[in-house]
Amino acid sequence: MDILLGPLKLGSQTIVAAAVRDISDLKRGEQALREAHDQLETRVRQRTVELEQANKELEAFSYSVSHNLRAPLRHITGYAQIIEQDCRESVDDKTGAYLKIITESAGKMDLLIDQLLSLSRLGRQSIVRKPIDCERVVREVWDEMQQRGDTVGVEFELRSLPIAQGDPGLLRQVRTNLLENAAKYTAPKSVPQVLVDAVESEGNTWYRVIDNGVGFDPQYVDKLFSVFERLHHEDEFPGTGVGLATVRRIVHKHGGEVRASGSVGQGARFEFTLGA
Amino acid sequence: MKQPVDILLVEDDPHDVELTVRALEEHKLINDIQVARDGAEALEYLFPPEGGQARPAPRCVLLDLQLPKVDGHEILQRIKENPRTCKIPVVVLTSSREGLDLERAYALGANSYLCKPVDFHGFTDAIRQVGYYWMLLNEPLVQ
């Protein structure tokens, strides 16, 4: 019950008027709200514990992979190379070539393990947000690629890019993966061209990397960003199929989007936003 | 008293033992290598029980982290805690590049941390450099 007392003038007399309200419904409503709030808190706490548990399991998994998958690989490579060394006289060219394939495959598998572990580590870490001079990052990445000899003959154009807010290390990785792809897939062209720019659309800044390379078949565009999925042959374009999956994961961590378009023989365009 | 053994290799995987010993012998870096195949053997070698024969400490310990019975980190800790053995350089040699392993090993006093490369030539090269550095370049403490 809610009782409100107040003076009331009735003619020459002042009386006390009482207003009595049944507020049972109100009280019940408040109680229900409190209970719902408490339940929500409990659920959030539970989910956080579950998430922390899942993260710990992922850590243990990465650790296990690190140790256990690498050892047999090392043995495969080690003994294959010992055979090559010890039996150099008696090993014919064909056998030598087979041994080399064994060693190279083991080496490739090691690289894949490394990249998968990086990808999984990526999923677990939280990002920092700092202002990033995108133009400078792109220029630095391209310069490094040039020094390695990966950009021979490529006509490169870098247009003005706005400052981004994001994790510097991770975004540098995005830039590296996209630019390395652009250089790799334009290499067969007589005049390879790579353009980096940014456009505003629907209130978002889309950072783009556009090339005139071998492109890809657009009907498979959904596979592009999946781990280990490749749309080109290994012997034409070496790669592990983790680069774009990494790009997508990083961009999504920033609350952004990534998309690709292209056609066979006529180049590709990769663009991403970074969310707020 | 016997001469100290050059290297105590603590490694449970027999293939890794063979590859490491071969790499060391290939470069003629050492004369004498002792292998302990698990943590318990390593501890028994370094800290012989009462009444057992005292041995001079090895000049260098190559320690794998993932060992059965007694974990590599624990061996590292025991070596670095004991005044008789704490000055022996311990080179951790392992497949793991995980941050936790690195941190823990350095915190316990590891002198060096090497990740075993998959490629055998890379591996023998790493072992050669380790052997050259710790056996020839680095100034040992004369006991």
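The values are calculated or read from the model by the stated rules, or taken from the named source; none is laboratory data. Since this is a predicted model, take the numbers as computed values, not measurements. Note that each Cβ is placed from the backbone with ideal geometry, even for glycine, and that neighbours are counted across all protein chains shown. Calculation scope for accessible area: heavy atoms of the full protein, side chains included, ligands and nucleic acids excluded. Shrake-Rupley method; radii C 1.70, N 1.55, O 1.52, S 1.80 Å.
General remarks:
- The trypsin sites (Lys or Arg not before Pro) of the range A:74-144 meeting both criteria, a DSSP state outside H, G, I, E and B (loop) and at most 14 other C-beta atoms within 10 angstrom of the site's C-beta, are A:88, A:129.
- With all protein chains modelled, accessible area of residue A:232 [1.4 Å, Å²]: 50
- Solvent-accessible area assigned to carbon and sulfur over the protein assembly as shown amounts to 52 percent, based on a 1.4 Å probe.
- Accessible surface calculations at 1.4 Å, restricted to protein heavy atoms, place the protein assembly as shown at 58 Å² per residue.
- In the range B:78-143, the trypsin sites (Lys or Arg not before Pro) that fall in loop regions by DSSP, at most 16 other Cβ within 10 Å: B:84, B:87, B:97
- Chains A and B together bury roughly 2100 Å² of accessible area, counting both sides, with a 1.4 Å probe on protein heavy atoms only.
- Those trypsin sites (Lys or Arg not before Pro) in the range A:1-49 that DSSP places in a loop and that have at most 12 other beta carbons within 10 Å: none
- Annotation: lysines with alpha-carbon distance below 16 angstrom to residue A:9 (same-chain offsets under eight excluded): none found.
- The protein assembly as shown gives an Rg/Rh value of 1.19, both radii derived from C-alpha positions and Rh following Kirkwood.
- Relative to the dominant Cα principal axis of chain A, helix A:24-86 is inclined by about 10°.
- Per residue of peptide A:72-84, the mean number of Cβ atoms on other chains within 10 Å of the residue Cβ is 5.
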